[in-house]
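All remarks here apply to the structure that follows.
The values are calculated or read from the model by the stated rules, or taken from the named source; none is laboratory data. All figures in this text were calculated on a predicted structure; none of them were measured in a lab. Ideal geometry is used to build each Cβ from the backbone, glycine not excepted, and the neighbour counts take in all protein chains shown. Ligands, DNA and RNA are stripped out before the accessible areas are found, and what is left, the full protein with its side chains, is counted by its heavy atoms. Shrake-Rupley method; radii C 1.70, N 1.55, O 1.52, S 1.80 Å.
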Amino acid sequence: IGCVATTFTFQAPFFEEECLARFAGIETDAQEDGRAYVLEREEKLAQLFSAVLVDHRQAAPKRNLRWHLLPVRGPRGGIMHAKVSVLVWEHRIRVLVGSANLTEPAYRRNFEHMAVFEFSPDSDLPLELLTEVLDFVDRVRRFAPGADKATDVGPQAGLARFLAQTRARARGWQSVGWRRGDVRAVFMPVFPKGPSLFEQVQREMPSQTGADWAWVTSPFFDTGDG
């Protein structure tokens, strides 16, 4: 059906020729098949919606107009650093939250982290988690140009429709809650003037208790106590 992704750094050829091509089921190769790839690309991409929200400093000037690119400009010079993707099929929605930018080194050579959440009519994940991710993408798009314009055309309008249709698609699916004692996944986006990560962690703790320990997973680390 479609996909939307957020990223800080961005390589348009990698996104189109590897990520988007795989999602759309493009079988020809951009480097080897030339004209056949162009024809298949136009046919396949015309049937789905795709968009990338990227920090405005990293927005690629050259790209295929079959997919949308929205440059995000954070307030007071802030950057858009999130790496969240939503992929939608007829009976499945996949959410990816991780550390990898949409670049060839991130997906091919770096040590990165990626959490994958699968939602479907019989999924055992709470739909609240999916709603929070869709709300996050909707909020990020409002930092891109055109969000305040009332129009039915263009990337902003297309992305707003895609998010609304994705919500409607999942609305009829069963929604379960986290079972007592299970490990929970909590989506914690950080926005300007909003609660910090640590404030959100505190809020999610059971009442009158605190954390005895925490695991922080990161591909980057410093030696020593620092």
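Return only the number of the condition from (1) modelled with pLDDT under 85; (2) assigned to a helix (DSSP H, G or I); (3) surrounded by fewer than 18 Cβ atoms within 10 Å (Cβ to Cβ) that R41 does not satisfy.
Checking R41 against (1) modelled with pLDDT under 85; (2) assigned to a helix (DSSP H, G or I); (3) surrounded by fewer than 18 Cβ atoms within 10 Å (Cβ to Cβ), the one that fails is (3).
Is there any pair with a first residue in the stretch 157-174 that is within 16 Å of R141 (Cα to Cα) and a second that is loosely packed, with under 15 Cβ neighbours inside 10 Å whose Cβ atoms are under 6 Å apart and which are 6 or more apart or on different chains, and what are they?
Pairs that qualify, where the first residue is within 16 Å of R141 (Cα to Cα) and the partner is loosely packed, with under 15 Cβ neighbours inside 10 Å, are A157/T151.
Of all residues in the stretch 1-18, which are in a helix (DSSP H, G or I), of a type outside the set (D, E) and open to solvent by 40 Å² or more (accessible area, probe 1.4 Å)?
Correct list: P13 only.
Among the residues of the stretch 126-164, which ones are touching a strand residue (DSSP E or B) at 6+ places or on another chain (Cβ under 6 Å), within 14 Å of I93 (Cβ to Cβ) and open to solvent by 30 Å² or more (accessible area, probe 1.4 Å)?
none
Take G98 and decide whether it is at positive phi, open to solvent by less than 50 Å² (accessible area, probe 1.4 Å) and out of contact with any Leu (no Cβ under 6 Å at 6 or more places or on another chain).
For G98, the condition - at positive phi, open to solvent by less than 50 Å² (accessible area, probe 1.4 Å) and out of contact with any Leu (no Cβ under 6 Å at 6 or more places or on another chain) - is not met.
Only one residue in H91, H81 is in contact with a Pro (Cβ under 7 Å, 6 or more places away or on another chain) and assigned to a loop (DSSP other than H, G, I, E, B), so which one is that?
Of the residues listed, the single one that is in contact with a Pro (Cβ under 7 Å, 6 or more places away or on another chain) and assigned to a loop (DSSP other than H, G, I, E, B) is H91.
Counting just the residues of the stretch 72-95 that are touching a strand residue (DSSP E or B) at 6+ places or on another chain (Cβ under 6 Å) and more than 16 Å from R22 (Cβ to Cβ), which one comes out most open to solvent (accessible area, probe 1.4 Å)?
Taking the candidates together, the pick is I79.
Limited to the stretch 185-213, what total is found for residues that are part of a loop (DSSP other than H, G, I, E, B), aliphatic (A, V, I, L, M) and either at pLDDT 85 or above or in contact with a helix residue (DSSP H, G or I) (Cβ under 8 Å, 6 or more places away or on another chain) (or both)?
The qualifying residues number 5.
Checking the structure you have, find out if any residue of the stretch 109-123 is under 21 Å from H68 (Cβ atoms) and surrounded by 15 or more Cβ atoms within 10 Å (Cβ to Cβ).
No, every residue in the stretch 109-123 fails to be under 21 Å from H68 (Cβ atoms) and surrounded by 15 or more Cβ atoms within 10 Å (Cβ to Cβ).
Being under 20 Å from the mean Cα position of the chain (by Cα) and farther than 19 Å from V84 by Cβ narrows it down to one residue among A24, A12; which is it?
Within the list A24, A12, the selection yields A24.
So that you can scan it fast, the table gives a plain yes or no per residue for (1) touching a residue at least 40 places away in the same chain (Cβ under 8 Å); (2) on the phi < 0 side of the Ramachandran plot; (3) polar (S, T, N, Q):
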position: C3; (1), (2), (3): yes, yes, no
position: P13; (1), (2), (3): no, yes, no
position: A24; (1), (2), (3): no, yes, no
position: Q31; (1), (2), (3): no, yes, yes
position: E43; (1), (2), (3): no, yes, no
position: L48; (1), (2), (3): yes, yes, no
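What number of residues within the stretch 165-201 satisfy the criterion of being among the polar types (S, T, N, Q) and closer than 19 Å to I93 by Cα?
Total meeting the criteria: 4.
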